[in-house]
Amino acid sequence: MSTKHFFSSTDGVVKKALNSLVARNPNLQHDEDNRVVFSKTHDSSKVTLISGGGSGHEPAWSGYVGDGMLTAAVAGDVFASPSTKQIMSAIKNVPSKNGIILGITNYTGDMLHFGLAREKGLSMGYNIKVVSFTDDAALGRKKSELVGRRGLAGNILVIKLAGAASEKNWSFERCLQLGDLGNANLVTIGTSLDHCHIPGRAHHQSIPEDACVLGMGVHNEPGLRTITPMPPPEEIVKEMLLYLLDPKDTDRAFVKFDPSDDVAMLINNLGGLSNLELEALTNIVETQLKNDWNLAPKRIYVGTFETSLNGPGFSVTLGNLSSIARGLNMTSAEIFELLDAPTTAPAWPKNGYGNIEKRQELNVAKGEETETQSEGPILSNPQILHNALHSACTAALNAEPLITKYDIQMGDGDCGEAVAGLCNALLAKLSPSAPPSNQLFTPNSTLFASLDSIASSVEDVGGSLGAILAILLAAFANTLRRNLASPSSSSSSTTPDAAAVGRALGPALDNLKQYTGARVGDRTVMDALIPFCDEMGRSAELGAAVAAAEDGARDTAGMRPRFGRATYVGDRAEGGEMPPDPGAYAAAVFLRGLADGL
């Protein structure tokens, strides 16, 4: 891999790159504080499409902002998901009276932070749903059964289809259906000669000179297998197509292709291949599709669509347009019209497909912000909640050294620091010396304003733990708001009782499960949260629910991790030498402190 760069680190590079993009595309605007690129010509009467992810994949996703594709894109740090606050900024910059679709590549950080943004958006009255991008075919069903298939370059085709549909004034539900069908009918696999290199970071691994890796991820994740000695490109392509198309491969065979189907093909440069090699490889793929599989793609797109910085590799995406059309009760010709429709997105390649017509500028009405919903009833006795939360934070802070010790044994040791940061932030809001505008509980505190204030502190916690807790809290508030608004509710004017809390926790937990595959037995904070929510819903007894959370956390001792960085601790045998999961332990301690303070 090439380790030489003009920039000695990634500091400030993302913002410079986005400023450059916007400077040469007057239809775009850059919210620099949040690294959001959005369309100036956004029409709030049409469906809004928002996507994004870690930087380093350019031109994805900011390069696909424009009429007929994305309405906004959010850029995180290099190979790191954008924060929830960044995503919320995108939502507020391009509101829609019709609905907002969040296109999420299936990586843990992206799923959690975009998921939390959706929950927050719902609480503000926005109509928001998610389309997950999961086109990777390399790892198969067995290896991806927990976290799902990765999102690769195929998502660009989904964005083009859904963006064109929005531009044609399709309904929100119809655009959403198209996005889901588009993703379900795509398969992608990549091959790389080496890892990419991130400026300013040390990389100690490289692929042997006489080898390539089939199925390597776009963040240097291990692939399906290393092929050595290096075979001719024809053999590499032959194996790649086998993984995409072989109907006998029961671990894959995600999409069925028949010779009569209309197919789109996208060949993506991962960033470090010459155009000469990329075009030659495309010719090999096209030839083998025709000779070996009796498939002739009707649309072929070749170029740099979603990179892995300077990764010397390429990926092949195949999409069954006929299957998408059948799912929508449309013709393939109508799907072609969406792919061929003009767009102002700078990164979508110019091509000779379709009838290109000069577009007229739109007179766009400025979208009005959606008003936040009711703040709910005034708390009947805020001091009780003040005492309980103070007790919980104190208990967690006292346990911080042990939480850190557990995390150092299994990970990078940052869990205790994150828990301490959250608790200190909440204690600051509980302090009598806090500014009145920042105090968590006052005599006139309302239910949902207090929950929002707590959620704001939780959102500032880094990593997956903070995102998981924030999503659960946001979904709990949304469900509780709906339940209290129900005519049958008996808690419309006072603090909700334990039964009302239990009824809201069940749906909130179900919402959280949409954004993480972790369940009981996977050695995560979910080992404590799931038993707590389940028991609270069953019995409405806080003591029993806390005991269930403590049992769940205790059971993670000796359990092999299946999510997060701890999964890379491969030389530690399953057994008693493993401590409890630090996140689950921290959650149980916090909940016990909460119960003791009531």
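The values are calculated or read from the model by the stated rules, or taken from the named source; none is laboratory data. These figures come from a predicted structure and were not determined experimentally. With ideal geometry, Cβ positions are generated from the backbone for all residues, glycine too; neighbour counts draw on all protein chains shown. When the accessible area is computed, the model is the full protein with side chains, heavy atoms only, and any ligands, DNA or RNA have been set aside. Shrake-Rupley method; radii C 1.70, N 1.55, O 1.52, S 1.80 Å.
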Practice item. Would you check which residues across segment 115-166 are among the β-branched types (Val, Ile, Thr) and open to solvent by less than 20 Å² (accessible area, probe 1.4 Å) and list them? Key: Ile128, Val131, Ile156, Val158, Ile159
Review point. Which condition number in (1) without any contact (Cβ under 8 Å) to a residue 60 or more places away in the chain; (2) within 17 Å of Arg592 (Cα to Cα); (3) among the hydrophobic types (A, V, I, L, M, F, W, C) is the one that Leu402 fails?
Key: (1)
Exercise for review: Identify all residues within segment 167-184 that are open to solvent by less than 20 Å² (accessible area, probe 1.4 Å) and aromatic (Phe, Trp, Tyr); write none if there are none.
Suggested key: Phe172
Review point. Of all the residues that make up segment 334-352, how many are open to solvent by 10 Å² or more (accessible area, probe 1.4 Å), touching a residue at least 12 places away in the same chain (Cβ under 8 Å) and of a type outside the set (S, T, N, Q)?
Key: 9
Review point. Can Ser96 be described as farther than 25 Å from Asn511 by Cβ, at pLDDT 95 or above, of a type in the set (Ser, Thr, Tyr) and in a loop (DSSP other than H, G, I, E, B)?
Key: no
Check your understanding: Name the helices (runs of 4 or more DSSP H) wholly within segment 119-203 that hold at least 2 residues that are within 19 Å of the chain's Cα centre (by Cα) and within 30 Å of Thr3 (Cα to Cα)?
Key -> 155-167
Check your understanding: Would you say Ala60 is open to solvent by less than 30 Å² (accessible area, probe 1.4 Å), within 22 Å of Gly271 (Cα to Cα) and assigned to a strand (DSSP E or B)?
Key -> no
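Out of the residues in segment 272-295 that are more than 18 Å from Pro247 (Cα to Cα) and among the aliphatic types (A, V, I, L, M), state the one that is nearest to the chain's Cα centre (by Cα). Spell out how you get there, then give the answer.
Our first condition is that a residue be more than 18 Å from Pro247 (Cα to Cα); within segment 272-295, this holds for 272-287.
Checking which are among the aliphatic types (A, V, I, L, M) leaves us with 273, 276, 278, 280-281, 284-285.
Numbers: Leu273: 28, Leu276: 34, Leu278: 29, Ala280: 34, Leu281: 31, Ile284: 34, Val285: 31 Å.
Ranking the candidates gives Leu273 first.
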Review point. How many residues are assigned to a loop (DSSP other than H, G, I, E, B) and open to solvent by 40 Å² or more (accessible area, probe 1.4 Å) if we restrict to segment 13-33?
Key: 4
Check your understanding: How many residues are open to solvent by 30 Å² or more (accessible area, probe 1.4 Å), over 14 Å from Pro580 (Cβ atoms) and within 26 Å of the chain's Cα centre (by Cα) when one looks only at segment 404-424?
Key -> 4
Check your understanding: In segment 185-202, how many are in contact with a Cys (Cβ under 9 Å, 6 or more places away or on another chain) and surrounded by fewer than 24 Cβ atoms within 10 Å (Cβ to Cβ)?
Key -> 2
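Could you list, in sequence order, the residues of segment 460-475 that are in a helix (DSSP H, G or I) and open to solvent by 30 Å² or more (accessible area, probe 1.4 Å)?
First, the residues of segment 460-475 that are in a helix (DSSP H, G or I): 463-475.
Answer for segment 460-475, where residues must be in a helix (DSSP H, G or I) and open to solvent by 30 Å² or more (accessible area, probe 1.4 Å): Gly463, Ser464, Leu465, Leu469, Leu473.
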Check your understanding: Which is in contact (Cβ under 8 Å) with a residue 60 or more places away in the chain, within 24 Å of Lys513 (Cβ to Cβ) and open to solvent by less than 10 Å² (accessible area, probe 1.4 Å), of Gly68, Gly99?
Key -> Gly99
Revision key, fill the gap. Only one of (1) assigned to a loop (DSSP other than H, G, I, E, B); (2) at pLDDT 95 or above does not apply to His5, and that is (2)
Point to revise | Sole residue being at negative phi and modelled with pLDDT under 95, chosen from Tyr107, Tyr64 | key: Tyr107
Exercise for review: Return yes or no: is Leu440 assigned by the TED database to the domain that holds Ala396, at pLDDT below 90 and in a loop (DSSP other than H, G, I, E, B)?
Suggested key: yes
